[in-house]
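To keep things clear, I will list the structure first and then write my remarks on it.
The values are calculated or read from the model by the stated rules, or taken from the named source; none is laboratory data. All values derive from a computational prediction rather than experimental measurement. Because the Cβ atoms are built from the backbone with ideal geometry, glycine has one as well, and the counts that use them run over all protein chains shown.
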Amino acid sequence: MADYYSEKRREYDARVAADPMGLLPRPERSYKYDVIVCGGGTSGVAAAVAAARGGAKVLLIERNGSLGGQMNVSGPPGFSYAYLYNARGERVIDGFIGETHRRLMEMGHARPTDMNPYRSGSDYIFSFVDPEWWGLLMFQIMAEEGVTLLMHSLVVDVIKNGNDVVGVVVENAEGRVYFESKVVIECTGEGDIAVRAGCEYELLSREDSEPQSVCFTMDGVNWDELLAYLKAHPDQLVPRGDPTRTPEERYELIRNVKDIGELGDMLGFFDIMKEAKANKEWHDYAGMGFFLAPRPDVDHFQAHFQHSAQVPEIWSCDPWDLSYAEQECRRQIMIAANAFKKYVPGFKNAYITRVGMELRLREGRRIMGDYVLAKADVANSQRFYDCIGKNTFAAGAVHVANNNTIGASKEGVATVPDRGTYDMPYRMLVPRKIDNLLIAGKHVSAERATYQRFLQETMVTGQAAGAAAALCVKLGVTPRQLEAEEYVKQLQDVLREQGVILEGVH
Ligand SMILES: Cc1cc2nc3c(=O)[nH]c(=O)nc-3n(C[C@H](O)[C@H](O)[C@H](O)COP(=O)(O)OP(=O)(O)OC[C@H]3O[C@@H](n4cnc5c(N)ncnc54)[C@H](O)[C@@H]3O)c2cc1C
């Protein structure tokens, strides 16, 4: 396991111990950095920390005043985190994401990975962290590692010398500001900056794109009442856990659940939905269901609805589409919250505590790189010389805007053989043709079926991009030159040192 007490963190801790109530020191204002990270979501924070730990002078630019993106700003996620273990029970992903889980557990704001019998035998098991404390911790880690933050600032373009990106253009209250950088990492989630840099990308038609959603959270649920209903009607839940179980084996596990927390998420409520639909009190764009959002500090649960408002045929790069979807999602949220209160046992006195501040964008552009991760790579448990992390997540399942919520893409679903893993290659972070730019986050180079959009995937690619950028600066090479085997080995050494799992799992 990596020692996340870096030298810089020790210095930070010592300073805080000497003056516990003192203000943080203000960073020096500069317009020249080794590495600039655009976007402070999960991929961006992982990239900034890894680059700073690699010795680079780092600037992280974020359009909002908060860090975390879809993790906690337009989130929180229903499961933070899943797929850190494969269905064989092997730990397959660690590094920065593991560090955040362990640190939040030490602080009392995360739960240990829940390997309970109902969900066991699948990779869809949860290691819950409190997203609010996660967001606070990110600011602390940035301070520990000396990452300079520039917030309330929109990156609007890149500065180029031929095909080389040499800086970025920012719009903020100061006006138009220019920053120089040796390497730029694009972590906007949507690739807006990569596209301005001239990168190639893929974007599905509106009709084929997954729906986009606004999430909301409810509190005040009587969990005992809900659990009693589910024990009496275990056939009302979409199956979870080992997929080889018979329905009766699964029902028995549900009847034996002691704590609602063991269920993790609940999608189904088929009979209730039928009745609500017949009364025109449930809409056609999502199934009924929610995730448990634990507040570990007080051992309390909230109900978090990720998929109850879903709008089809929305392009994430079309502001008119997005404006329509923001409005339509709010309409669906009113319907969904009212239906839960009226029909679902335990929800009578429930109330909304949070509506996501903006759409969570499920699907958008993917930036084409020197390698395009393929569905066949998942199906073949592919190994790559330039592995930067492992993955166990199946390819090809998609959200659909109907009462099933989840479906298969046109290309079909592929699972990893023998419930093992496949490698994520460094080359999918390096965009074709354009130099000095790295892509991390959900828009890395992948086929639609292998879209790398879950939290653990975005943090793996973020950490690798940050470590790679710092190494490029140190070695005086470009991100594309770093693809050479001799340099990739050095990158892998750095990642191993940072706790990333690159080998030793199935
Ligand atoms: C409805 C929904 C539910 C989901 N639930 C889960 C879940 O339960 N578990 C899970 O693992 N995953 C879940 N996901 C997926 C996951 O949350 C996201 O894919 C992931 O968080 C994306 O991370 P990112 O860093 O790539 O992008 P983002 O989180 O989108 O971060 C991008 C950041 O860049 C900033 N930015 C954008 N443009 C600019 C610019 N021009 N200048 C400056 N800053 C900019 C944004 O403000 C943002 O902070 C869900 C996704 C959706 C849509």
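A few notes on this one:
- Qualifying residue in segment 88-102 (condition: on the phi > 0 side of the Ramachandran plot and within 14 Å of the ligand (Cβ to nearest atom)): no
- Taking the criterion of being more than 14 Å from Lys57 (Cβ to Cβ) and charged (D, E, K, R), the residues of segment 177-192 that qualify are Glu186, Glu190, Asp192.
- Of all residues in segment 10-38, none satisfies the criterion of being under 19 Å from Phe179 (Cα atoms) and assigned to a helix (DSSP H, G or I).
- Cβ-Cβ distances below 6 Å connect the following pairs, each with a first residue in segment 303-331 that is closer than 18 Å to Asp208 by Cα, a second residue that is of a type in the set (Lys, Arg), and a separation of six or more residues or different chains: Glu313/Arg206; Trp315/Arg206.
Condition check ((1) within 16 Å of the ligand (Cβ to nearest atom); (2) in contact with a Phe, Trp or Tyr (Cβ under 9 Å, 6 or more places away or on another chain); (3) in the same structural domain as Lys277 (by TED's automatic domain parsing)) across all residues:
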| position | (1), (2), (3) |
| --- | --- |
| Val378 | no, yes, no |
| Ile388 | yes, yes, no |
| Asn403 | no, yes, no |
| Gly420 | no, no, no |
| Ile434 | no, no, no |
| Ala440 | yes, no, no |
| His443 | yes, yes, no |
| Glu447 | no, no, no |
| Tyr451 | yes, no, no |
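- Lys474 satisfies every condition listed in (1) over 19 Å from Val147 (Cβ atoms); (2) at pLDDT 95 or above except (1).
- Selection count where residues are over 17 Å from the mean Cα position of the chain (by Cα) and near the ligand (Cβ under 8 Å from one of its atoms), scope segment 38-63: 2
- Failed condition for Ile254, given (1) without any contact (Cβ under 8 Å) to a residue 40 or more places away in the chain; (2) away from the ligand (no atom under 16 Å from the Cβ); (3) at negative phi: (1)
- Taking the numbered list (1) more than 29 Å from His109 (Cβ to Cβ); (2) touching a helix residue (DSSP H, G or I) at 6+ places or on another chain (Cβ under 8 Å) in turn, Pro243 passes all entries but (2).
- Selection status of Tyr124, more than 30 Å from Lys182 (Cβ to Cβ), surrounded by fewer than 22 Cβ atoms within 10 Å (Cβ to Cβ), within 11 Å of the ligand (Cβ to nearest atom) and of a type in the set (Phe, Trp, Tyr): yes
- Among the residues here, Arg240 does not qualify as surrounded by fewer than 19 Cβ atoms within 10 Å (Cβ to Cβ) and of a type in the set (Lys, Arg).
- When we screen Gly441, Gly466, Gly499, Gly462 for residues that are surrounded by fewer than 24 Cβ atoms within 10 Å (Cβ to Cβ) and of a type in the set (Gly, Ala, Ser), the only hit is Gly499.
- Residue within segment 87-99 that is under 13 Å from the mean Cα position of the chain (by Cα) and surrounded by 15 or more Cβ atoms within 10 Å (Cβ to Cβ) present: yes
- Val398 touching a residue at least 40 places away in the same chain (Cβ under 8 Å), in contact with a helix residue (DSSP H, G or I) (Cβ under 7 Å, 6 or more places away or on another chain) and of a type in the set (Val, Ile, Thr): no
- Checking Leu84, Leu67 one by one, the residue that is under 17 Å from the mean Cα position of the chain (by Cα), within 14 Å of the ligand (Cβ to nearest atom) and crowded, with 24+ Cβ neighbours inside 10 Å is Leu67 and no other.
- Qualifying positions in segment 205-216 - in contact with a Gly (Cβ under 9 Å, 6 or more places away or on another chain) and either more than 12 Å from the ligand (Cβ to nearest atom) or in a loop (DSSP other than H, G, I, E, B) (or both): Ser209, Val214, Cys215
- Residue tally, condition farther than 23 Å from Gly441 by Cβ, of a type in the set (A, V, I, L, M, F, W, C) and surrounded by fewer than 21 Cβ atoms within 10 Å (Cβ to Cβ), over segment 380-412: 2
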